[in-house]
Structure formats: C-alpha cells, structure tokens
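Below is one structure, written out as structure tokens; comments come after it.
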Amino acid sequence: MTPLIAGNWKMNTTRASAKELAQAILRGLPSTLDGVDVALYPPYPCIAPVAEAVSGSDIRVGAQNFYPESGGAFTGEISPAMLLDLGATEVLIGHSERRHVLHESDEFILQKLQFALAEDFLATLCVGETLEEREAGQTEEVISRQLRSALSGIDSKHAADVTVAYEPVWAIGTGLTATPEQAGTAHDFIRALLVELWGESGKSIRILYGGSVKPQNAAELMAVPEIGGVLVGGASLDSASFCAIVRAAGA
Ligand code: PEP
C-alpha cells in the first residue's frame with residue numbers, strides 16, 4: 001500500500017506564506033513522487049494559491065473542513081463545490097479539533113462523510129481517544145464508536161475514497177507521540193473493525209497515524225505494519241521537516 005503523508009496546516013499561513021511553503025516543499029521533494037503520496041491541507045483562503053503552486057506536480061491539495069450542503073443559507077460555511085473551484089479534491093473529516101473544540105457530533109461527521117463521498121471527494125476520517133478516555137481504558141470503545149458511527153452509513157464501494165487517520169487527542173500538538181506499540185495496537189484494532197464493517201474492501205484502506213509526528217519519529221512509526229502514512233500538523237509548517245518526513249516514507 002502506498003503511504004500517504006499529509007500536512008494539516010490548521011489556521012496558519014497567509015496566501016503569500018502558504019504559497020512560499022508549498023513552493024519550498026516542491027523544491028525539497030523529487031519531481032516525481034514514486035512510492036509515496038503527498039497531500040496538503042491549507043486553510044480555505046490559501047487553497048487556491050497552494051493548488052496553483054503545486055499544479056502539474058504529484059502533490060494533492062485538500063481542505064480541513066466543509067459544510068455538507070450544496071449551498072444556501074449557511075452563513076460562514078463553505079461547500080465542497082466551492083472547494084473544488086479553489087482546487088481542493090479531498091477533505092479531512094472529524095479532526096479532533098473539530099470534534100472537541102467545535103463540538104462536531106458523530107452524527108454530523110457521518111453526514112459530512114456521506115456528503116463528501118457523494119460529491120466525489122476523497123475523505124480522511126480522523127478518530128482517536130482523549131487522555132482521560134485512554135486512562136479510563138476506553139480507547140477501543142471510543143475508536144469503535146467513532147468508526148462504526150461514520151462508516152456503517154457508507155457503502156463499501158466507497159472504500160477506495162476513504163482514508164482513516166488514528167489521532168490520539170493527547171498526542172496532537174502536545175509533543176507527546178504514541179509509541180510504535182501503542183499506535184500499532186490501535187491500528188490493528190482499526191483494521192479488524194474495517195474488515196468487520198467492509199469485508200475484503202476493509203483490508204485495503206490506508207490507516208494514517210497522527211500526533212506530534214516529526215522527522216525524528218516518522219520512520220519508526222511508519223515501520224509499524226498497519227501504519228500506512230502520517231497526518232502531520234505542526235511539523236508540516238516547516239518545509240524541511242515535512243520533506244524529511246516524506247523521505248522517511250521512502251520518497
Ligand atoms: C494534526 O493536526 O492532525 C496533528 C497530528 O497535529 P500535530 O502533528 O501538530 O500533533
């Protein structure tokens with residue numbers, strides 16, 4: 001399975017700095033990406049400049065969020081069709097900051113996943129437990145609830161368009177990283193669940209790890225059999241670090 005290295009820029013960069021960052025990432029990577037997929041998720045205003053900067057390259061561009069409607073009275077929101085117009089062809093769904101800071105529910109996340117796939121977007125569904133949930137021994141219960149809720153409403157024919165990202169909330173932006181053993185246990189659990197839900201198609205879904213991935217820990221994490229790439233926040237804002245992580249995946 002080709003690993004995917006994805007950069008989530010969160011609420012950072014301006015149009016000019018985003019373009020510079022995308023250009024620096026392009027310069028830091030081989031012109032043909034062989035054996036690794038790369039995707040960037042800039043904030044909305046920066047999608048068009050980034051898509052323009054990487055056009056003609058193998059780098060994919062996506063959005064961090066969207067609203068699951070085609071248009072209408074949804075003040076402040078953005079539709080997949082608008083994102084496509086900016087140059088984005090994939091989306092993150094259920095990122096922990098949207099679940100926990102912006103209070104998105106499992107039901108809303110299912111609605112978003114259904115809408116994104118119906119609009120022919122690739123979708124990366126993020127799941128993961130908080131520190132309290134891990135300490136209470138609820139890690140598998142939480143992952144299972146989040147995954148079952150989102151995927152049970154989706155036909156397995158969409159499997160090729162879905163990526164799952166395991167992102168333990170306690171490891172996101174904290175400098176704490178799951179050990180390869182902790183990540184491996186969670187990824188094995190997710191794989192078993194994907195196969196239970198989607199049968200044979202569940203075997204081919206990429207499962208990313210996310211949570212303080214850096215050039216220093218990327219290789220050992222990606223050596224774990226069920227880790228099919230990484231979703232990178234902080235380190236994706238530095239072109240040298242992001243490119244080093246892509247190289248750790250074998251580019
Ligand atoms: C993320 O935003 O998905 C993430 C994993 O962030 P960080 O790498 O900064 O922990």
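The values are calculated or read from the model by the stated rules, or taken from the named source; none is laboratory data. From a predicted model like this one, the values you see are computed outputs, not experimental measurements. For neighbour counting, all protein chains shown are included, and Cβ atoms are generated from backbone atoms with ideal geometry for every residue, glycine included. Side chains included, ligands, DNA and RNA excluded: accessible areas come from the protein's heavy atoms. Shrake-Rupley method; radii C 1.70, N 1.55, O 1.52, S 1.80 Å.
Annotations
- Site-free segments of the chain were taken between GluC sites (Glu not before Pro) in DSSP loops having at most 15 other Cβ atoms within 10 Å, sites themselves excluded; the longest one is 78-251.
- Among the protein heavy atoms of segment 1-129, carbon and sulfur supply 52% of the accessible surface, probe 1.4 Å, non-protein parts ignored.
- Relative contact order %, the chain, counting alpha carbon pairs below 8 Å whose residues are six or more apart: 22
- Over the residues of the chain, the helix contribution to mean residue ellipticity at 222 nm works out to -12000 deg cm²/dmol, using -39500 (n - 2.57) for each DSSP H run of at least 4.
- FRET efficiency, 1/(1 + (r/R0)^6) with R0 45 Å, evaluated for Ala24 and Ser105 via beta carbons: 0.75
- Semi-axes of the equivalent ellipsoid for segment 199-251, Cα gyration tensor, largest first, Å: 22, 11, 9
- For segment 1-82, the equivalent ellipsoid derived from the alpha-carbon gyration tensor has semi-axes of 25, 15, 10 Å in decreasing order.
- Environment charge at Met11 (Cβ cut-off 15 Å; Lys +1, Arg +1, Asp -1, Glu -1): +2
- Segment 83-194 shape via C-alpha gyration tensor axes, a/c threshold 1.5: prolate
- Look at where the Cα atoms of segment 1-40 and of segment 97-136 average out, and the two centres are 23 Å apart.
- Placing a label point 7 Å from the Cα of Asp85 along the Cα-to-Cβ direction, the residues of segment 34-59 whose backbone N falls under 16 Å from that point are 44-49.
- Length added when fully stretched, Thr32-Asp120, from 0.36 nm per residue minus Cα-Cα: 29.2 nm
- Restricting the calculation to Cα atoms, every distinct pair contributes to the Kirkwood radius of the chain, found to be 18.0 Å.
- Applying 1/(1 + (r/R0)^6) with r as the Cβ-Cβ distance of Ser17 and Ala160 and R0 = 45 angstrom yields a FRET efficiency of 0.85.
- Label point 7 Å beyond Cα of Thr75 along Cβ direction - residues of segment 106-132 with amide nitrogen under 20 Å: none
- Computed from the C-beta positions of Glu135 and Ala223, the FRET efficiency with R₀ = 30 Å rounds to 0.65.
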